[in-house]
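Asker: If you scroll down you'll find the structure; I have some questions about it.
The values are calculated or read from the model by the stated rules, or taken from the named source; none is laboratory data. Model, not experiment: these values are computed from the prediction. Neighbour counts are summed over all protein chains in view; Cβ atoms, including those assigned to glycine, are modelled from backbone coordinates with ideal geometry. Heads up: the accessible areas ignore ligands, DNA and RNA and are worked out on the full protein's heavy atoms, side chains in. Shrake-Rupley method; radii C 1.70, N 1.55, O 1.52, S 1.80 Å.
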Amino acid sequence: MAATPAADSRLLVIYASETGNAMDAAERVGRQAERGGCPAVDVLPMDSFDPSCLPSERFVVFVVSTTGQGDPPDSMKGFWRYLLKKNLGARWLEGVRYAVFGLGDSGYQKYNFAAKKLDKRLLHLGAEPIIQVGLGDDQHPSGYEGALDPWLLSLWESLNQTTPSLLPRMYDIINPDLSVLGDAKVEVIYHSSDKAQQDSNLLDFKNLIQRARSMSPSLQFYNNDKEPHYMLQMVSNRCLTKENSDRDVRHFELENPSSGITYQVGDALEILPSQSPSAVDSFIERCKLDPDCYITVRAKDRVMSFFATAEHEKEKLQYFASPEGRDDLYQYNQKEGRTILEVLDDFPSVQMPFEWLVQLTPPLKKRAFSISSSPLAKPNQIHLTVSIVSWRTPFKRMRRGLCSSWLAGLNPNEENLIPCWVHHGSLPPPHPSTPLILIGPGTGCAPFCAFVAERAAQSTSEATAPILFFFGCRNQENDFLYKDFWYAHAHDQGVLSSKNGGGFFVAFSRDQPQKVYVQHRIREQSARVWNLLKSGAAIYIAGSSTKMPADVTAALEEVICQETGCSEEEASIWLRKLERNGKFHTETWS
């Protein structure tokens, strides 16, 4: 299909992001193209682009991250399913020129798997690669940008050689003039506090969130997803770990004060957190804003260095913005997790107009958590099992995860409305008659709390299949999450009881000289695992995306080899077939 005249002068940048890095990289591609004079540049999330329109495009750049064990981001799944349609021929994308940049971590076996698969499929559909697929690596000293910089330069050079009209100011990409600055793309309007009290829209939290999120092109989704599905109230905030534990894991209970909540086991709850009041106060003071006014922001049809007045600060910022300073910028910013306020404080001579600051500040991102409750057992509640994230940077600064720390600080005795979205996760709800083998160490047990509670509720009215659950933690005394819950369902006629063909097995990794993990318990229960697999069991794995999934899969392959006498390769094929049949599911997070 021939490209339209408009497509001949347009560069389309499509991204699929899980944590926001692919979005940042895609926006950088768009900014550089605009600097090079590209007549039309569009940067869109993948789930907001209709894949059937792809043959009408001429130049497309894809920026995609890889999640979990080689999985594409949620926003890519619908697009990818469309590309796999059998009726799309080998010439479907003839005339389309494309480039793919992937973001991944070479520490994982399926490094940049989503980007590699996408590149291969586009080629099979007749599209022409502009340059080879780029592979960003979190393990690189400069992170993914270590590969993005040279890849972008090759992209622009290739496009300029074949289609110079697309980048008429190519020189400005390679040698940007930092003394020239265009207009800000947003307009800030200040209103008095009296008017704020008269504006009924400010009393509608959902409307406020929708209006704020509509400002960012990166947050334009299908299905009007800008507005929260629910505004939930926290009614319980309970610590699951002991006080002297080096980990803080919480049990949160949220409910809808106005109506019910629709969800199913295996779903995820996305939460939009708020900034801490002290950080907001400091930001207002640094930007010299009136704390008693309110503002509205409207869109209009290497910035910090431009506003720096101190020469040494200007030089440092210009160095950071240069290719030579990329590694140092990565160490200064990403590795240290610096906030915008901290960067402004490090460069006090920068007095940036608020319009520019708003334009450059990324929107708060939603955080997703596996739901740990069953709608059958808790029809108007959603429970979460959340590890409160904290870490030390290379320069020994203490950092805390925004969303988890915000949730931990909420008082159930005070009114607090939490913007929430419910989405399907990677663990589909099983049929009551399907036997289950669940493996969920640490907070990976969260979705399986829901599975066990659901099956217990189902067992009161119908026959249900048994469950084997393998849990792991460091110490029995410090972080044995939901201990009473598991043992209650493992006794007598519970869904985890051996009397009903089930079982509960726990590995305490640090309670003995040799470390014991869930994979060791799986091998110990080899016969029981295989007997359940023979009877049609489904396997579900949840937890850390580092070594655990691969180690558990290896243990399952050993069980199959031991119980059947087959080879390792045959056992691996057996598990892959189980996955193709929809009976092997993994949900992991970093």
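Asker: For the pair Ser278/Asp50, report the inter-label distance in nm, with labels modelled 7 Å from Cα in the Cβ direction.
Answerer: Computed distance between label sites Ser278 and Asp50 equals 5.1 nm.
Asker: What does the net charge come to around Gly501 if you take all other residues with beta carbon closer than 13 Å to its beta carbon, with K and R at +1 and D and E at -1? Could you put the intermediate results ahead of the total?
Answerer: Working: positive: Arg455, Lys499, Arg528, Lys534; negative: none.
Local charge sum for Gly501: +4.
Asker: Could you sort 578-584, 505-511 so that the peptide with the highest average Cβ count within 10 Å comes first and the rest follow in order? The partial results should precede the final answer.
Answerer: Numbers: 578-584: 13.7, 505-511: 17.4.
Per-residue Cβ counts within 10 Å, averaged per peptide and sorted highest first, yield 505-511, 578-584.
Asker: Which of [x] 0.98; [y] 1.01; [z] 1.12 is the computed Rg/Rh (Cα atoms, Kirkwood Rh) for the structure on display?
Answerer: [x]
Asker: Once you list every other residue whose beta carbon is under 9 Å from the beta carbon of Phe395, what net charge do they have if Lys and Arg are +1 and Asp and Glu are -1?
Answerer: Details: positive: Lys335, Arg392, Lys396, Arg397; negative: Glu336.
Neighbourhood net charge equals +3.
Asker: When ranked by the protection proxy of mean other Cβ atoms within 10 Å per residue, highest first, what sequence do the peptides 374-383, 110-119 form?
Answerer: Details: 374-383: 18.7, 110-119: 22.0.
So the peptides 374-383, 110-119, ranked by packing, come out 110-119, 374-383.
Asker: So, one more: Name the residues whose placed amide hydrogens come within less than 5 Å of the amide hydrogen of Ala40, ignoring near sequence neighbours (fewer than 5 apart) on the same chain.
Answerer: Those qualifying (amide H under 5 Å, at least 5 residues apart or on another chain) are Leu11.
Asker: Go through 100-108, 543-551 and give me the packing order, highest mean Cβ count within 10 Å leading.
Answerer: Working: 100-108: 22.9, 543-551: 17.7.
Taking the mean over residues of other Cβ atoms within 10 Å, the ranking is 100-108, 543-551.
Asker: May I ask you to derive the FRET efficiency for Asn531 and Lys483 from their Cβ-Cβ distance with R0 = 22 Å, giving the value to the nearest 0.05?
Answerer: On the way: r = 27 Å, r/R0 = 1.21.
Given R0 = 22 Å and the Cβ-Cβ separation, E is 0.25.
Asker: While we're here: Compute the FRET efficiency between Glu94 and Asp8 as 1/(1 + (r/R0)^6), taking r as their Cβ-Cβ distance and R0 = 22 Å, and round to the nearest 0.05. All intermediate terms of the calculation are to be shown ahead of the outcome.
Answerer: On the way: r = 15 Å, r/R0 = 0.69.
According to the calculation, E is roughly 0.90.
Asker: What is the percent carbon and sulfur in the accessible area of region 434-590, measuring with a 1.4 Å probe over the protein chains and ignoring ligands? Write down the numbers at each step before the final one.
Answerer: Numbers: 3230 of 6910 Å².
On region 434-590, the fraction of accessible area on carbon and sulfur atoms equals 47 percent.
Asker: Shifting gears a bit: State which entries of Lys110/Lys547; Lys85/Lys577; Lys85/Lys117; Lys86/Lys120; Lys117/Lys365; Lys85/Lys120 exceed 19 angstrom in Cα-Cα distance in the structure shown.
Answerer: Working: Lys110/Lys547 12 Å; Lys85/Lys577 21 Å; Lys85/Lys117 15 Å; Lys86/Lys120 15 Å; Lys117/Lys365 27 Å; Lys85/Lys120 15 Å.
Long pairs (Cα-Cα over 19 Å): Lys85/Lys577; Lys117/Lys365.
Asker: Shifting gears a bit: Give the long-range amide H neighbours of Gly95: residues separated by 5 or more places, or on another chain, with amide H under 5 Å away, using H modelled in the peptide plane at 1.01 Å from N.
Answerer: Here Glu128 satisfy the definition.
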